[in-house]
Amino acid sequence: MADIVRLARTSRRTFYAQFADRDACFLALFEETSERIMAQVADAVDPAAQPEAQVDQALDAYLDAVLAHPALHLSFVRELPALGEAGAARQRAVIEHFAELLVVLVEAGRRAHPELDAQPLSLDVAVVIVGGVRELMVISAQQGRDLRDLRASAAQAVTAIVEGTVLGARRLAPRRG
């Protein structure tokens, strides 16, 4: 606790006026960091770009944000589970919020490209994308892999899911008649 208030250049009293304890501070940091990353991703994606370029823009923004502070993101991976239900609830909320952002980004792309006759992205599929990319990053970070090496694999998986569900939904739907 002494290190936290020293680095923040504040007093324990001021700290406890803002946070119930260190866990609450950590959860607030996780939430704020996640919101900042989502804003960076949203700002990076150009709805006028082709869908594959939009995937690249989103992944590049996400990776840049994570790689700008790798120790911080690794601490989230390690420490959130230790916070029990409070950590799990915040993690779920962030994944859901990121999935909602993905739905919004795909919708903006659909409006910008009516010629593609694309279908909406469901929230469930967006959760699969967000959760899958997150888990790939987590496992790779725990293995000590360079996260930049994951970009091509992540782009391939996200593009396949988006193309299969958004651009190819009618081909996969059962025929009526």
For this session: In Å and from the alpha-carbon atoms only, list the Rg and Dmax of the chain.
Result: 18.9, 72
Problem set entry | Under 12 Å, Cβ to Cβ, from Q156 - net charge with Lys/Arg +1 and Asp/Glu -1 | -2
For this session: Specify the angular offset, from 0 to 90 degrees and rounded to the nearest 10, of the alpha carbon long axis of helix 123-142 from the longest principal axis of the alpha carbons in the chain.
Result: 50
Problem set entry | ³J(HN,Hα) computed for each position of the stretch 154-163 - Karplus, 6.51 cos²θ - 1.76 cosθ + 1.60, integer Hz, glycine/proline x | 4, 4, 4, 5, 5, 4, 4, 5, 5, 5
Exercise. If one puts a single equal scatterer on every Cα of the stretch 1-95 and applies the Debye formula without solvent, what log₁₀ I(q)/I(0) results at q = 0.11, 0.16, 0.18 Å⁻¹?
Worked result: -0.43, -0.78, -0.91
For this session: On each of the three principal axes of the Cα atoms of the stretch 96-143, give max minus min coordinate, whole Å, ordered largest first.
Result: 43, 18, 12
For this session: Give the Kirkwood hydrodynamic radius (Å, one decimal) of the stretch 63-129, defined as one over the mean of 1/r across all pairs of different Cα atoms.
Result: 13.9
For this session: Considering Cα pairs under 8 angstrom that are at least six residues apart, work out the relative contact order of the stretch 1-79 and quote it in whole percent.
Result: 20
For this session: Go through A155, P51, L7 and say which Cα lies farthest out towards the positive end of the charge dipole of the chain; charges sit on Cβ, +1 for Lys and Arg, -1 for Asp and Glu.
Result: L7
For this session: Report the relative contact order of the chain, percent, no decimals, based on alpha-carbon pairs under 8 angstrom and at least 6 residues apart.
Result: 21
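FYI, it's all coordinate maths here, none of it is from the lab. Not measured: the values here are computed from a predicted model. Note that we place each Cβ from the backbone using ideal geometry, even for glycine, and neighbour counts take in every protein chain shown.
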